[in-house]
Amino acid sequence: MKELIYECIYIVVPGFYKMCLHRKSKYENIIFLILLLFGLFFIIGRFTPTVKLIEDFVYRFSYSSLNLTNSVFCFTENFVNDIKSVIHIRYENITYKQKNQELTDKLRNYEAMVKECDDLSKLLKLTKIENTISVFARLSIKGPNEWYKWFIINKGENDGLYNELPVLMFNKKRNALCAVGRIIETYASSSKVVLITNPAYALPVKIKDRNINCLAEGFGSNLLRITYIPHYADVKAGDEIVVSELSSVFQKDTPVGVITDVLEGESSVDFKTAKAKVFFEADNVYEAIICVPETKICGK
Amino acid sequence: MWKIICNLLLYVFFSMIQFIFGKYLGIFGIFPNFILIVIAYLGVSKKTIDAQLMGFLFGLTWDAFSIDIFGIKALMFTIIGYLIGKFCGDFYANKILSQFVVVFSANVIYWLGFDLIHFIILGSESYMASFTDVSFYMEAVVTVLIAPTVFHILGMLYNRRAVK
């Protein structure tokens with residue numbers, strides 16, 4: 001610290017002394033004064049056209065050379081980035097190749113295991129579990145007055161679809177796939193789907209966790225008419241209905257809807273009727289999921 | 001003639017460093033003030049006129065590129081060039097501590113003058129605004145720390161020319 005102070009004193013004092021006494025420095029002082037005046041003139045008259053003109057001139061003079069240099073640096077930067085990208089892609093490619101090799105090996109093992117599993121199943125005479133493949137389709141046509149009757153999807157025979165396949169949709173609130181309808185007509189790249197709410201449709205259902213079988217009939221709205229509920233069955237609003245084992249289209253226990261109202265003694269003495277609200281909302285159905293048995297797809 | 005060409009090359013080179021490299025090499029917007037170091041070097045090397053003229057030229061270029069008051073940097077760099085040329089002789093130029101002191105003083109003069117002119121022209125709002133900003137101190141520290149290296153390189157350049 002002391003040294004620093006001494007250093008300051010050594011610099012300031014002789015400098016000041018020199019500045020006062022140095023006679024040779026008269027040109028320096030004159031130039032300084034001229035430049036000082038110029039600087040002050042620029043500051044004071046910075047809004048005047050003359051200073052603006054000087055500013056423009058300096059800018060254009062400096063800009064052209066600096067812009068050229070800047071362009072060179074930008075080009076260099078881009079070039080370096082390109083090289084970096086090439087190296088990065090090369091490394092990525094190597095990694096993916098390794099990953100691909102690993103997955104190929106795993107697939108080979110998997111195929112061997114599947115074959116072994118098939119052989120064992122045959123030997124033990126076990127029923128083979130059928131896997132399904134989900135085909136995602138978008139709605140292409142929906143009748144304005146028949147929203148709860150049918151719609152057409154943009155997937156057809158080319159995607160492995162055929163008649164009688166179940167159509168489901170994802171219910172975000174329930175975080176589950178729920179029944180929508182089934183395919184009744186299939187074309188090359190489109191299919192017609194009849195909804196479970198169609199009055200011509202009847203779906204075997206049951207009350208969830210209670211094994212009470214009944215039938216869900218379409219109503220032409222977002223409500224289903226649940227018929228053939230045994231009179232003794234304790235069914236109340238809020239009970240969930242799912243697809244029963246009797247359905248040949250949907251998998252059992254696929255969610256269908258929820259009972260909103262029970263109408264006792266309306267149709268007959270032995271059975272009662274209820275109304276149920278479907279889980280899928282016809283207004284918001286834009287995408288449908290079709291479950292296709294894997295063997296059918298493979299065999300295509 | 002050689003001196004003029006050399007100074008022009010110095011001008012182009014350091015303009016490039018300050019105005020273009022600063023954009024790419026600045027860390028958190030902090031980049032050393034190379035122009036101040038060059039002016040300080042010229043001043044310390046008894047090249048007072050060069051220091052003033054180069055300071056004015058550098059300042060004018062910087063002013064043209066910035067949106068600040070036109071002429072403020074030209075004025076400040078001219079004053080710094082003159083003051084350093086007057087106060088400091090080449091007797092102290094080789095000492096690192098002297099270089100630190102000179103460049104630090106140049107920084108302080110620069111920012112004080114800068115704020116003073118701002119205060120006079122724009123009013124009290126901008127008074128001492130630079131000194132409340134952390135980046136100002138960081139920039140000053142970086143400039144001071146890098147000064148000996150730049151002094152050494154410029155010294156080599158000028159001394160070699162002197163030997164030739």
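For this structure, a couple of remarks:
- In the full protein context, chain A carries 66 Å² of accessible surface per residue, based on a 1.4 Å probe and ignoring ligands, DNA and RNA.
- In this structure, the amide hydrogen of A:ILE133, modeled 1.01 Å from its nitrogen in the peptide plane, lies closer than 5 angstrom to those of A:VAL292, A:GLU294, counting only residues at least 5 positions away or on a different chain.
- Inter-chain neighbour count for B:112-121: the average number of beta-carbon atoms from partner chains within 10 Å of each residue's beta-carbon is 1.
- Within the accessible area of the range A:129-297, the carbon and sulfur atoms contribute 50%, probe 1.4 Å, all protein chains present.
- Under 5 Å between amide hydrogens, built in the peptide plane, is the criterion, and for A:LEU165 it picks out A:ILE183 among residues at least 5 positions away or on other chains.
- Which of A:LEU161, A:LEU263 is most accessible, then next, and so on - probe 1.4 Å: A:LEU263, A:LEU161
- Share of carbon and sulfur in the accessible heavy-atom surface of the range B:2-161 [1.4 Å probe, %]: 73 percent
- Inter-chain Cβ neighbour average for residues A:72-85, partner chain, 10 Å: 1
- Chain A, relative contact order in percent, only Cα pairs under 8 angstrom and at least six apart counted: 15 percent
- Taking every protein chain into account, the accessible area of chain B amounts to 47 square angstrom per residue (probe 1.4 Å).
- Total formal charge among the other residues, if their Cβ is under 15 angstrom from that of A:VAL58, Lys/Arg +1 and Asp/Glu -1: 0
- Think of the range A:129-297 as a dipole: +1 on every Lys or Arg Cβ, -1 on every Asp or Glu Cβ, centred on the Cα centre; then among A:VAL292, A:ILE152, A:ALA216, A:ILE152 lies furthest on the positive end.
- Long-range HN-HN contacts of A:ILE196 with modeled amide H, under 5 Å: A:GLY181
- Relative contact order (%) - criterion: Cα under 8 Å, at least six apart; region: chain B: 24 percent
- Interface between chains A and B: roughly 3600 Å² of accessible area buried, both sides summed (probe 1.4 Å, protein heavy atoms only).
The values are calculated or read from the model by the stated rules, or taken from the named source; none is laboratory data. Everything quoted here is computed from the prediction, not taken from an experiment. Every residue, glycine as well, gets a Cβ built from its backbone with ideal geometry; the counts of neighbours run over all protein chains shown. Ligands, DNA and RNA are excluded from the accessible area calculation, which covers all protein heavy atoms including side chains. Shrake-Rupley method; radii C 1.70, N 1.55, O 1.52, S 1.80 Å.
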